[in-house]
Amino acid sequence: MVKLIWFNLIFIGIVFSILTGNNITETIIKVPNEALSICLQIFPNIALWLGIMKIAENAGLIDKLAKITSKIIRPLFKEIPENHKSLGYISSNIVINMLGVGNVATPIGLKAMKSLQELNNTDRASKSMITFLVINTSSVTIIPTTVISLRILNNSINPTSIVPLTIITTFIST
């Protein structure tokens with residue numbers, strides 16, 4: 001099924017390119033270079049946040065964060081025992097997503113799922129795993145730092161103008 005979807009997307013892209021007169025060969029060569037350039041420009045931001053989160057984890061800040069935010073998230077994750085490490089990972093993931101650094105939140109989200117699986121006795125996802133996945137997918141973002149970085153890199157006149165819309169979208173999606 002996935003092969004069919006990809007084939008159709010590529011086929012539609014080629015047909016659209018021919019109909020609009022775009023040179024597909026030039027695009028195939030040009031776009032990967034642009035994508036790599038953007039990745040290399042954003043990488044320092046991601047590396048910085050990953051380092052900060054590792055320091056926070058080693059310093060015990062994740063555990064403190066879990067205790068602070070547990071009053072908010074605890075009713076959503078009733079299956080998780082009190083003071084379990086997965087609460088720290090879940091809270092960290094949510095807070096990092098709020099800061100708009102979703103790339104940094106991904107490894108922590110994977111750690112959260114791994115620790116939730118330790119509590120799970122079956123191969124099926126638990127209620128806590130599903131709840132966490134839904135919250136993570138809804139993209140709780142207040143300050144979209146990665147998007148702001150991209151807008152700065154592309155010489156936006158007002159790169160932070162998307163913050164109010166991001167907050168509204170986060171509220172609606174969550």
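The values are calculated or read from the model by the stated rules, or taken from the named source; none is laboratory data. The model shown is predicted, which means the values in this text are computed figures rather than measured ones. Cβ placement follows ideal geometry from the backbone for every residue including glycine, while neighbour counts extend to all protein chains displayed. Heavy atoms of the whole protein, side chains included, go into the accessibility calculation; ligands, DNA and RNA do not. Shrake-Rupley method; radii C 1.70, N 1.55, O 1.52, S 1.80 Å.
Structure values in brief
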{"item": "Filter result for the condition that a residue is more than 21 Å from PRO144 (Cα to Cα), modelled with pLDDT of 80 or more and open to solvent by less than 60 Å² (accessible area, probe 1.4 Å), over ILE72, ILE80", "result": "ILE80"}
{"item": "Selection count, segment 52-67, where residues are open to solvent by 30 Å² or more (accessible area, probe 1.4 Å) and modelled with pLDDT of 80 or more", "result": "3"}
{"item": "Only listed residue being farther than 30 Å from PRO159 by Cβ and in contact with a Ser or Thr (Cβ under 7 Å, 6 or more places away or on another chain), chosen from ILE108, ILE68, ILE80", "result": "ILE80"}
{"item": "Condition broken by LEU116, with the remaining ones in (1) open to solvent by 10 Å² or more (accessible area, probe 1.4 Å); (2) at pLDDT 90 or above satisfied", "result": "(1)"}
{"item": "Filtered residues of segment 18-31 (kept if open to solvent by less than 100 Å² (accessible area, probe 1.4 Å) and at pLDDT below 85)", "result": "GLY21, ASN22, ASN23, ILE24, THR25, THR27, VAL31"}
{"item": "Any hit, segment 136-149, residues being surrounded by 17 or more Cβ atoms within 10 Å (Cβ to Cβ) and modelled with pLDDT of 85 or more", "result": "yes"}
{"item": "Any pair with Cβ under 8 angstrom, 6 or more apart, that starts in segment 159-173 at a residue that is under 14 Å from SER149 (Cβ atoms) and ends at one that is of a type outside the set (S, T, N, Q) and open to solvent by 90 Å² or more (accessible area, probe 1.4 Å)", "result": "PRO159/ILE152"}
